[in-house]
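A short worksheet on the structure shown next.
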Amino acid sequence: MQRTARLKRKNDVDPVLVHARREAIIIAAAWLTATVYSCAYCYLLGYIRRDRPLGPDDLHPILGMPSWFFWGVIAPWGACALFTFWFAGFYMTDDDLEAADEPAAGAGDAS
Amino acid sequence: MNPPEAIHAELPTLLALAAFTLISLGLGFVANLAQRKGKFLEKYFLGNRSLGAFAVALTAAVMSGGTFVGFPSLVYSFGWVVGLWIASYMVAPLTILGVLGKRIGQLARRTGAITLPDLFRERFGSPGLGILTSVLVIFFLATNLVAQFSAGARILKPALPATWVQTFAAHPLVGLNLDAGYLLALAIFTATVVFYTSYGGFLAAIWTDVFQSLIMAVGVMILLPLALAASGGLAHATETGMKAAGDGFGFGPGAGRDFHPIGLAFSFFVMWAITGMGQPSTLVRLMAFRDARTLRFSILYLTIYNAVIYIPLIFIFIAARSILPSLPSSDDVMPHLIVKLANPYVAGLILAAPYGAVLSTVSGWLLIVSSGLVHDIYQRYLHPTARERTIVWASYGMTALVGLAVAVVAIHPPRYLQMIVVFSSTGMASSFLAPAVLGAFWRRATAAGAIASMAVGAGVTMTLYLIGRFTPETLGLANLLPPSPDIGTPGALRPYYLLGLDPCVWALLASTVAGIAVSLVTKPPDPARVRDFFGVDAAADPA
């Protein structure tokens, strides 16, 4: 809350906006990392391509799953879950989103 | 093994499912009582901005008929690569709730917005933008509702006693070419969901969502060991699947066809994690959560919930390929697997999971469509001085009318329901995501930019689906566009995959570019309006 009050005085910029923008940029980076890693790993090691035929001998099961699926989907899923716990549990700020205004003109009851 | 068409559960299955439905109806009654005091519209459509973390996480409209009917159908048909198709759910809780959550929550409070059209109209100061939003929400959500109603009927159908179906089939109104079991199930599903949603409003949808989401998790947890045991384990199931469907069942890009080439793999990381942010059902929940702490905990709960639901579903339906090797319609795999594996009472409980997913999705979406018609069009433009009693009955009536209209269209469902879900998700995200992000974070965004962004996003989506449906050759575009690559899910609703990418990528890109470009060439927004939404709120400033 102190950080929020300091930001308000310093810039007259809404601190919710500042925090939300910073958090959105970090989330975008996390999404990009997960996308690039999973797509690249699965394509390189788990896709049948013209120059790379695969068959039952190439499954190398880990806990019954094909190894490409385990390392390309399950492992990053676990890593993302850990990151999310840190991010939402400790990094995101509890900003004051203010009380609700009266419903917009035309909204609410007309009585 | 019985032929799949002949599968009917025993009576206890139906009783267990009926008990679940009655509890849902009961929650609708209690919800109606709970919201009798105070402003009707804000409570009926937004739950008085009081949603807690559990409710937001479990009702973020992530689970639907697609989750329990469409998605299993794809895993069963194409194998392990469908795990990559859904893998963006690993980051989806962060993107869907974390990127826009705080700002949409704040803007909704500052504007007093109740619906998405309200929010855009007030943020950009444009009644035209409000109307366009209403029309697009109604169109795309109603399309998706057809898939959800069909999914609900498919799940219920095997739980109906054979004698009921035979009696119903003898009725003269049931056409010769129609599936009587499906029709009866559709009628029962429609009556249930329309009744409790019309009567209970938003709180009913939320409470039943939470109850049904918990049932879903329990159902999946019960089904997982049953499926693994019956198939002889995942490794054995994979080998059996590869023998039946080809090596593509164990690898990318999928069994029998190029279901998921790398361009689509990238596209679906955009599809679920990014387009999920722009769904009206998500944005409405972001307008309704209690506070920022609630938002953080919602992200945590949704992360756990996604992992507990989606990863086991992949395992279950990989196993299903060896348990039910020759289903005529893969969209029926979930209910048939349950009826085959579980004892009748447990089958009823597990069937309640997908049934609950569909019920909860439909109830939330029905409300958004009816709120668009009643609040955004009828009350705002046709009858601004309507009395509250009139609005109450219009809301009940419109919810029921929309439900019945969708049920009529769902009498003839297309194959691969998931494609309807993908089409409508793409359409909604390409219409609403860019205006929402620009409106939340960019001072220079203008009403004209938001309208352009919305129109271009929706237009690109529909154009690419039309070209896919009729082919470039038929439309006389062969000189401009090469034939669409034969990738992705087959069926009538297959889009044109420009450069191998799903339309969601192109539509989102075009929508964003249009929003920025048109904003920059039009007159800057009123500084007072910008200050209202981007400056420090004087009322909230302790100084």
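The numbers here are math on the coordinates, done by the rules we state, and not lab data. Small disclaimer: the values here were computed from a predicted structure and weren't measured. Counting neighbours? That spans all protein chains shown, and the Cβs are built from the backbone with ideal geometry, glycine included.
For this structure, a couple of remarks:
- Each part gets one Cα centre, and for the range B:494-514 versus the range B:215-242 those centres are 36 Å apart.
- Each of A:Leu54, A:Ala28, A:Ala88 was placed along the dipole of the range A:21-105 (beta-carbon charges, centred on the mean Cα), and the one lying farthest toward the positive end is A:Leu54.
- Chymotrypsin sites (Phe, Trp or Tyr not before Pro) restricted to DSSP loop in the range B:353-399 with at most 14 other C-beta within 10 Å: none
- The charge dipole of the range B:259-365, taken about its Cα centre with unit charges on the Cβ atoms of Lys, Arg (+1), Asp and Glu (-1) only, comes to about 280 debye.
- Rounded to the nearest 10 degrees, the inclination of helix B:234-245 to the longest alpha-carbon principal axis of chain B is 80 degrees.
- Take the Kirkwood radius over Cα pairs of chain B, plug it into Stokes-Einstein at 20 °C and 1.002 mPa s, and you get 90 µm²/s for translational diffusion.
- Based on C-alpha pairs under 8 angstrom that are at least 6 apart in sequence, the range A:2-91 has a relative contact order of 22 percent.
- Loop-located trypsin sites (Lys or Arg not before Pro) across the range B:76-126 with a Cβ neighbour count of 13 or fewer within 10 Å are lacking, with loop assigned by DSSP.
- Charging the Cβ of each Asp and Glu at -1 and of each Lys and Arg at +1, and nothing else, the dipole of the range A:2-91 about its Cα centre rounds to 640 debye.
- Positive-end residue of B:Ala440, B:Gly468, B:Leu404, charge dipole of chain B with Cβ unit charges: B:Ala440
- Taken along its principal axes, the alpha carbon cloud of the range A:2-91 reaches lengths of 65, 27, 10 Å, longest axis first.
- Cα centroids of the range B:371-430 and the range B:449-471: 21 Å apart.
- The modelled label-to-label distance for the pair B:Lys523/B:Ala405, using points 7 Å beyond Cα in the direction of Cβ, is 3.7 nm.
- Dipole of the range B:38-536 [Lys/Arg +1, Asp/Glu -1 at C-beta], most positive-end residue of B:His236, B:Thr303, B:Ile391: B:Ile391
- Here the relative contact order of chain B, from alpha carbon pairs under 8 Å that lie six or more residues apart, stands at 28 percent.
- The charge dipole of chain B, taken about its Cα centre with unit charges on the Cβ of Lys, Arg, Asp and Glu (plus for the first two, minus for the last two), comes to roughly 1440 debye.
- Partner chain coverage, peptide B:522-535 - average Cβ within 10 angstrom: 1
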